[in-house]
Each structure stands twice: as C-alpha cells, then as structure tokens.
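The values are calculated or read from the model by the stated rules, or taken from the named source; none is laboratory data. Remember, it's a predicted structure, so these values are computed and weren't measured experimentally. Cβ placement follows ideal geometry from the backbone for every residue including glycine, while neighbour counts extend to all protein chains displayed.
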Amino acid sequence: MGDEPLLFHCGLQNSFDEAAHVASKVTRLHNIRWIAFGHLEADETGALDQWLAAAPLAQVVQGAVGVQMTLRDSGGRTPRAIADGGLLDIGGKRLRHFDTPHVPHAWDARVLYEEVTGTLLCGDLFTHTGDGPPVRDDDIVERSLASDDTCPTTCLTPKTAPTIRRLAELEPITLAVMHGASYNGGCRDALHALADGYEDRLLSQMP
C-alpha cells in the first residue's frame, strides 16, 4: 500500500474473483496504480487482463527483458520497463527492482525489495509445500530445498548462488513468499543458506 498501490502477482484466470475479493478488503480495485510480478507465467500473469480491466489506471511495471520479449507485444496499456536496481516510488513505499535471470527460473525473472518495510517480494524463490501459518520463523530453507527435490523448478547454473547472495546483502526483514508461508526470521542467513544449498547441488552434478 502507498499513495499509488501496487499489486504483486495476478494469479490464474480462474482465481481472479477470489483474489479480487480479498484485495478489495485492502483497497478499492480502481485505486491500484501498478501491477507487477516475478516473471511471465500463468500463475503470475494469467489474470493480468482481468486486473487491468478492474483497475483502469493501472500500468504494468516489469524488468526490461519481460517488457521487450513479451509485454510490449501483448496489447493493452503500454508497460513500464525498469532497469536492474531501478526504484519505483509509490508514495510512502519504495520498491527496488532486481533482475534475477533464471533464478529460480525464467529469463525475465526478477524480485522487488520494499525499502521502507524491508520486505523482499520473492516471487518463486523459497517455494515450499504444506499447511502452515501465513508467516513463520522456522527453517524455510530446509522446506524450500525439500520442495525442490519433489518438483525441481530451480535452474542450477554458476550464477544461481551469486544472484541469491546479492539479495542477501539487502538484509531484508521479511521474505514475502509466493508459494508458501512468508518468513520473518533471519532472512539474510536464510538467503545465504539457500544459495549454499543450490551451489552444493550444482557442484554435485558436475564432473
């Protein structure tokens, strides 16, 4: 929330009604000014057109790769491209954009870091399964790596660990996780541990 509210993730088309109902408890939908997401994928952008229809003043803001490769040719309102490290000030909140190509997957992957509250909008990072409270402070890394064992969606490249370690230097207070409970424990340590876990997996697969 800010003077110009931002929605992060649109969800699937068939989840729009439920998501819009929840969002309307926070703000009137027509007040939404910015729409963003981790990367272009059905569970993050499937309902994009429905959100744009519900929020006539909203503009999509995404990394340059996502805009150049897909969004500029998708019709509708002209998207705003933001450079790596670029800042979006929504009035009372400041969102810093970081490109994270192929981390955890997709060339256009990115995260947003809200500087006032110290919240890292993680996208698909730290995905995990199971029932639990909305926010927890137990071992998010172990649960995330276990989830990746079941459904391996993370790209293991030489840049995976360094990209995650770069995010750790932000020293976030909260990890806002898309798939799973958010986390407000030792976020910097959790990011370093996740990077170590993926680095170990990469090295174990190399000759």
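Yes/no matrix, rows are residues, columns are (1) surrounded by 14 or more Cβ atoms within 10 Å (Cβ to Cβ); (2) under 16 Å from the mean Cα position of the chain (by Cα):
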site	(1), (2)
Glu115	yes, yes
Leu120	yes, yes
Phe126	yes, yes
Gly130	no, no
Arg136	yes, no
Arg143	yes, no
Ala146	no, no
Thr150	no, no
Thr153	no, yes
>> I'm told Val103 meets every condition in (1) within 16 Å of Gly197 (Cα to Cα); (2) assigned by TED's automatic domain parsing to the domain that holds Ile164 except one. Can you identify the failing condition by its number?
In response: (2)
> Restricting to region 92-149, what's the tally of residues that are closer than 20 Å to Glu171 by Cα, in a helix (DSSP H, G or I) and either of a type in the set (A, V, I, L, M, F, W, C) or in contact with a Lys or Arg (Cβ under 9 Å, 6 or more places away or on another chain) (or both)?
Replying inline: 2
>> Can you tell me which condition Ala42 does not meet? The list is (1) crowded, with 20+ Cβ neighbours inside 10 Å; (2) aliphatic (A, V, I, L, M); (3) under 18 Å from the mean Cα position of the chain (by Cα), and all the others hold.
In response: (1)
> What do you reckon, is Thr78 outside the structural domain of Ser204 (by TED's automatic domain parsing) and surrounded by fewer than 21 Cβ atoms within 10 Å (Cβ to Cβ)?
Replying inline: yes
> Does region 14-22 include one or more residues that are crowded, with 18+ Cβ neighbours inside 10 Å, out of contact with any strand residue (DSSP E or B) (no Cβ under 6 Å at 6 or more places or on another chain), over 30 Å from Thr163 (Cα atoms) and at pLDDT 95 or above?
Replying inline: yes
> Applying the selection to region 181-195, what residues are under 22 Å from Pro158 (Cβ atoms), surrounded by fewer than 20 Cβ atoms within 10 Å (Cβ to Cβ) and touching a Lys or Arg at 6+ places or on another chain (Cβ under 9 Å)?
Replying inline: His192
> If we keep just the residues of region 160-207 that are outside any helix (DSSP H, G or I) and of a type in the set (A, V, I, L, M), which is farthest from the chain's Cα centre (by Cα)?
Replying inline: Met206
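Okay, residues lined up against (1) modelled with pLDDT of 95 or more; (2) within 21 Å of Leu29 (Cβ to Cβ); (3) acidic (Asp, Glu):
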{"position": "Ala58", "(1), (2), (3)": "yes, yes, no"}
{"position": "Met69", "(1), (2), (3)": "no, no, no"}
{"position": "Arg72", "(1), (2), (3)": "no, no, no"}
{"position": "Gly75", "(1), (2), (3)": "no, yes, no"}
{"position": "Pro79", "(1), (2), (3)": "no, yes, no"}
{"position": "Ala83", "(1), (2), (3)": "yes, no, no"}
{"position": "Gly92", "(1), (2), (3)": "yes, yes, no"}
>> When you check Val65 against the structure, is it hydrophobic (A, V, I, L, M, F, W, C), in a strand (DSSP E or B) and out of contact with any Lys or Arg (no Cβ under 8 Å at 6 or more places or on another chain), yes or no?
In response: no
> Does Pro5 meet the test of being in contact with a helix residue (DSSP H, G or I) (Cβ under 7 Å, 6 or more places away or on another chain), surrounded by fewer than 20 Cβ atoms within 10 Å (Cβ to Cβ) and of a type outside the set (Gly, Ala, Ser)?
Replying inline: no
>> Being within 21 Å of Gly2 (Cβ to Cβ) and either in contact with a helix residue (DSSP H, G or I) (Cβ under 9 Å, 6 or more places away or on another chain) or among the hydrophobic types (A, V, I, L, M, F, W, C) (or both) is the filter here; which residues of region 87-119 pass it?
In response: Leu87, Leu88, Ile90, Leu95, Phe98, Arg110, Val111, Leu112, Tyr113, Val116, Gly118
